[in-house]
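The block underneath contains the structure these notes are about, expressed in structure tokens.
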Amino acid sequence: MLIVETVGRIRREHFIKGKSIKEIARDLRVSRNTVRKILRSGETSFSYEREVQPRRRLGRWEAGLDRILTENASKTLRERLTLIRIYEDLRDLGYSGGYDAVRRYARTWSREHESQAAAAFVPVSFAPGEAYQFDWSHEIIVMNGATVTVKVAHMRLCHSRMMFFRAYPRETQEMVFDAHERAFAFFKGACTRGIYDNMKTAVDAIFVGKERRYNRRFLQMCSHHLVDPVACTPASGWEKGQVKNQVGLVRERFFTPRLRVKTYDDLNAWLTDRCVVYAKAHPHPERPEQPVCDVFEEERPNLVPYRGRFDGFHTRRQFCLLRHSPRG
């Protein structure tokens with residue numbers, strides 16, 4: 001079955017790097033028909049459903065296997081049991097399943113309990129169109145006479161330092177998607193790589209180093225826009241320091257003193273205008289002779305062209321958060 005990561009990589013190899021179907025099939029070891037199917041359909045995921053779902057024999061033995069693995073990990077290397085021995089011990093307790101199920105479960109368990117994190121290299125400079133950083137912040141404003149906390153989505157292009165930020169009532173996945181759509185439409189394109197923290201709307205599981213299990217819908221959104229997502233190491237905010245600095249700058253310059261607005265519509269229109277005004281008035285940190293907006297215009301041809309709105313929900317819901325206002 002084609003996984004979402006493979007679909008996204010095939011789309012990026014063709015639409016961004018310009019590789020032919022033959023080259024992609026050879027490099028990724030998939031058939032040409034599969035590559036054609038992905039590129040011609042425009043889909044970001046393909047699924048297969050079994051007609052008959054077999055029952056898992058390991059299910060009720062997982063607690064016992066967890067206990068055995070935990071005890072085994074606490075022993076010295078010389079005294080630890082092999083997986084074959086662990087399988088035999090579990091079978092003596094009444095387990096009737098196969099060894100492969102135990103081996104796969106033990107491998108996943110080891111990844112989730114691994115305490116050492118791989119070292120991360122954080123680039124200090126970025127090529128035009130290479131990457132953007134995304135983050136959330138919480139800001140307090142007065143809306144329609146009531147004091148409320150709004151969630152602000154931040155995106156920053158790493159090369160030009162062009163910023164975009166937009167306010168929402170919550171941090172749901174629907175609003176994560178909307179923030180990306182609005183930002184890419186504002187920039188008129190996307191970067192080839194997106195840098196995120198391990199927010200629950202994007203990451204389902206954290207493994208060793210940079211390995212993650214991303215949320216399926218989030219991966220589909222990235223595949224649609226031809227973005228390769230990268231998650232930071234937990235508790236390592238410096239890996240996306242540009243957008244972290246943007247959070248502090250936006251809070252100081254645009255949310256202090258406390259804003260007073262009527263609706264989200266008014267607030268976001270004002271915030272979008274501030275993005276443009278700031279970019280025109282402030283110099284680029286690495287090229288102080290040019291304002292941020294000029295460097296952004298130079299970077300724009302290197303962005304992946306905006307591919308239109310992604311509709312990735314099973315149930316298509318129309319939400320009108322711009323009309324949302326708290327009861328005063």
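Rule-based calculations on the coordinates, nothing more; no lab input. On a predicted model such as this, the values are computed, not experimentally measured, just so you know. In this analysis, Cβ positions are derived from the backbone assuming ideal geometry, glycine residues included, and neighbour counts consider all displayed protein chains.
On the basis of being under 32 Å from the mean Cα position of the chain (by Cα) and over 23 Å from Val227 (Cα atoms), does Ala25 make the cut?
Details: under 32 Å from the mean Cα position of the chain (by Cα): yes; over 23 Å from Val227 (Cα atoms): no.
For Ala25, the condition - under 32 Å from the mean Cα position of the chain (by Cα) and over 23 Å from Val227 (Cα atoms) - is not met.
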When you scan segment 223-233, do you find a residue that is on the phi > 0 side of the Ramachandran plot, touching a strand residue (DSSP E or B) at 6+ places or on another chain (Cβ under 9 Å) and not acidic (Asp, Glu), even just one? yes
Keeping to segment 126-146, report how many residues are closer than 14 Å to Val243 by Cα and polar (S, T, N, Q). 2
Select from segment 251-269 the residues that are touching a helix residue (DSSP H, G or I) at 6+ places or on another chain (Cβ under 8 Å) and closer than 19 Å to Met175 by Cβ and list them in ascending order. Val261, Thr263, Tyr264, Asp265, Asn268
Residue ID - nearest to the chain's Cα centre (by Cα), chosen from residues in segment 127-170 that are basic (Lys, Arg) and within 16 Å of Phe186 (Cα to Cα): Arg156
